[in-house]
Each structure stands twice: as C-alpha cells, then as structure tokens.
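The values are calculated or read from the model by the stated rules, or taken from the named source; none is laboratory data. Just so we're clear, the structure is a prediction, and the values are computed from it rather than from any experiment. Ideal geometry is used to build each Cβ from the backbone, glycine not excepted, and the neighbour counts take in all protein chains shown.
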Amino acid sequence: MKRVLSGIQPSGQLTLGNYIGALQNFVKLQHTHECYFMVVDLHAITVPQDPAALREQTESVAALFIAAGIDPAKANIFIQSHVSAHSELGWLLTTLSYMGELERMTQFKDKSAGKDSIGTGLFVYPTLMAADILVYNADLVPVGDDQKQHLELTRDLAQRFNARYGEYFTIPDPYIPEVGARIMSLDDASKKMSKSNPNPGSFIALLDPPDVIRKKISRATTDSGKEVRFNPVEKPEVSNLMSIYALCADMTLQQVEQKFEGQMYGAFKKDLAEQVVAKLEPLQTRYHEIRQSGEIHAILKQGAERVAEVADKTVRDVKERMGFVLPR
Ligand code: ATP
Ligand code: LTN
C-alpha cells in the first residue's frame, strides 16, 4: 500500500479552506492508503503562540480529524512533537538546504513581510516539513495549492540526499484537489482563506455556529454586478463562493451556475449559507461528542507509538549514511 502523509497546524480554528483543500482528501485516501495524519505543533510555533491556546487548538485539530471522518483504526493520527524523529531529521535536512532556496518560499515571504524581526524558525520551516514527509518515506501528500512549493523543496532535498549518500528517500508527489485547492478569504478574494487571519469575518471556521456562518456569508464581499457566473478573473469573489457551494452541495460549477441563473446575489448567498451549515452540522455534533469523551488522548498516544518505530528507523539509517557513529 502506498503511504500518504499530511499535517495541519494548530495555529487557530480550522477553516472551510482547510477542510476542502486538505481534510476532505485525508478522509478519502484512508480507505486505499497507509495514512499518517498529524497536528504539526512544531510548525505552529514558528509564529508566537499563547501556550494555553496552543494546547487547546492542538487537541481541537486532532478531534476535528476524527469528526471529519478519519478513522483511527485505519489511519495513524498523532501529534508531531510526540515523535522526536521529526525534529532530528529536520535538523539533518536543514544542513542540506540553501539560504537561497528557503528565501524563495512564498509562505516565508508572506509571513515575514513587514516584520522587524523575523524568526529563524519561520525561515527553516520547510526543512522540518520535508522531514515530516521523508521520515515515513511518504509517496503522496494531500495539501492545498499553497503547499506546492514546499513539496517541490521536499523533493529537491530528498534528491540531494540520495545523490550524496545513496538512494534512500522516496520522492513524494503532491495530491492537490482540482476544485477547492485554494479557497479565498470572504473579505478579500486576492488572499487565501486562512485560520490565522485576525479578521474572523474572513473565514468560516468548521466550528462556527449556524448563525455565525449565515452572518459571515451574508457579509462576504461580492462585486457590483448581478450574475452568479463562474469567472475567477472577472468575478473572483462570486467565483469563490460558487466553488464553496459546489463543494458543499456536491455539484459541478456548471450546475451551480444553472441553478442560480437569473437570481440575485442575496438569494444565492442565503442558499449557500444553508448548504455550508448542513455540510458542517454532522461534523460539529461528532466533534463535541469526541471532546466530551476525552478519548482523543489515548488515540494520539497509540498513534505516536506506532509511527515512531518507522520514524526512528529512518533517522538511524540517515545518520548511518551521513557518517554518524551510532550507539552500539
Ligand atoms: P495559517 O493561517 O496558520 O498559515 P492555514 O489556514 O493556511 O494556516 P495550514 O495549517 O497551513 O492552514 O494548512 C493546512 C492544510 O490546509 C494545507 O494542506 C493547506 O494547503 C490547506 N489549506 C489552507 N488554507 C487553504 C485554503 N484557503 N484553500 C484550500 N486549502 C487550504
Ligand atoms: N506546511 C504545511 C503544514 C505541514 C505539512 C507537513 C503538510 C507541516 N508538515 C507535512 C503536509 C505534509 C502548511 O502550512 N499547511
């Protein structure tokens, strides 16, 4: 069975963008692949996090994995920092990376823009992500469009290691959805919907109550036109809402266009809000059950124990190839 791996940062409340771009595919792939899904807390601290909030969000993201339909009996669910091999391989790969290639990463450029002091963690972030993937020799990495560049760097680092120390790492492929790989902000269709956006009106959180969802959608930016027509260049805001509609209602963009032909934005938004509410309702119910039961801790412990065997072996192999003296 091919291996699938992905991670989500506990840097805020998961959004509809995370769900459509990533989580939904995790659920699909678990039936046909050996899966590794983790909460990447070590990545979240590349920007300042309040300790209590980080703790809460880490548990919340793990519970959302399960609420979204990931079955811990099928897929390994764990917290990145529970498996120390990630940090160790992260360092080893950092020594193979170049300043120039890390400086080119758009996520780094976006997150460091306008800051006086830029954290080094933010800079080397992609080498830790490469370690996350390579430590399990993953074949496939389901992510949203914004992570494509990090995946390319991961492939480069793997190839560099293989060229220097002999074939070892599997070269991973990204798995990016055709529709929904980049859900945009509700207040600005030039930016991706992001859980760390300080304006909560810019995103729909998976745990937003129905009335909050309705309010956010009714306030979402549109253009001054009238037609519900898909054209991301001319009508980026409406097109974004149409993508969300299509994904929640399980329709094609064409079907959405036909359904709202001749109707105003107001009617479209009202219907869209109900589609989103209906899509998230079962997930929210399951989420609250999981949090109340407290079962998440045992699942995460078991997940980390299982995967650590694979990860520790990789680190041993890599160190041996690089010329480290291993304890005997
Ligand atoms: P942050 O705002 O803290 O950077 P984020 O909301 O961008 O977080 P991540 O934890 O970085 O979320 O991403 C988790 C997964 O969700 C990744 O695979 C990412 O590509 C995907 N993703 C994030 N935002 C979107 C979006 N707007 N549309 C589609 N996929 C997305
Ligand atoms: N960089 C990713 C999160 C992430 C990840 C990974 C994704 C960390 N490690 C390994 C896939 C595979 C992000 O910001 N969304």
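Scanning segment 112-120 finds no residues that are buried (at least 17 other Cβ atoms within 10 Å of the Cβ) and among the hydrophobic types (A, V, I, L, M, F, W, C). If the condition is being without any contact (Cβ under 8 Å) to a residue 60 or more places away in the chain, more than 13 Å from ligand 1 (Cβ to nearest atom) and not in a helix (DSSP H, G or I), then segment 16-64 contributes GLN30, HIS31, THR32, GLU34, CYS35, ASP50. Filtered by the rule that a residue be outside any strand (DSSP E or B), near ligand 2 (Cβ under 8 Å from one of its atoms) and β-branched (Val, Ile, Thr), segment 118-153 gives ILE133, VAL143.
Within segment 272-290, track down each residue that is exposed (fewer than 13 other Cβ atoms within 10 Å of the Cβ) and either small (Gly, Ala, Ser) or not in a helix (DSSP H, G or I) (or both). ALA278 - this is the single residue of segment 272-290 that is exposed (fewer than 13 other Cβ atoms within 10 Å of the Cβ) and either small (Gly, Ala, Ser) or not in a helix (DSSP H, G or I) (or both). Scanning segment 195-207 for residues that are at pLDDT 95 or above and within 15 Å of ligand 2 (Cβ to nearest atom) gives a single hit, PHE203.
Here the condition is being within 11 Å of ligand 2 (Cβ to nearest atom) and either of a type in the set (Asp, Glu) or out of contact with any Pro (no Cβ under 7 Å at 6 or more places or on another chain) (or both); of GLY69, GLY12, GLY17, it holds for GLY17 alone.
I'd like to know if segment 252-270 contains one or more residues that are within 28 Å of GLN57 (Cβ to Cβ), in a helix (DSSP H, G or I), of a type outside the set (Gly, Ala, Ser) and at pLDDT 95 or above. No, segment 252-270 contains no residue that is within 28 Å of GLN57 (Cβ to Cβ), in a helix (DSSP H, G or I), of a type outside the set (Gly, Ala, Ser) and at pLDDT 95 or above. Quick one: ILE70 ticks every box in (1) away from ligand 1 (no atom under 16 Å from the Cβ); (2) part of a loop (DSSP other than H, G, I, E, B); (3) at pLDDT 95 or above except a single one, so which number is it? Result: ILE70 passes all but (1).
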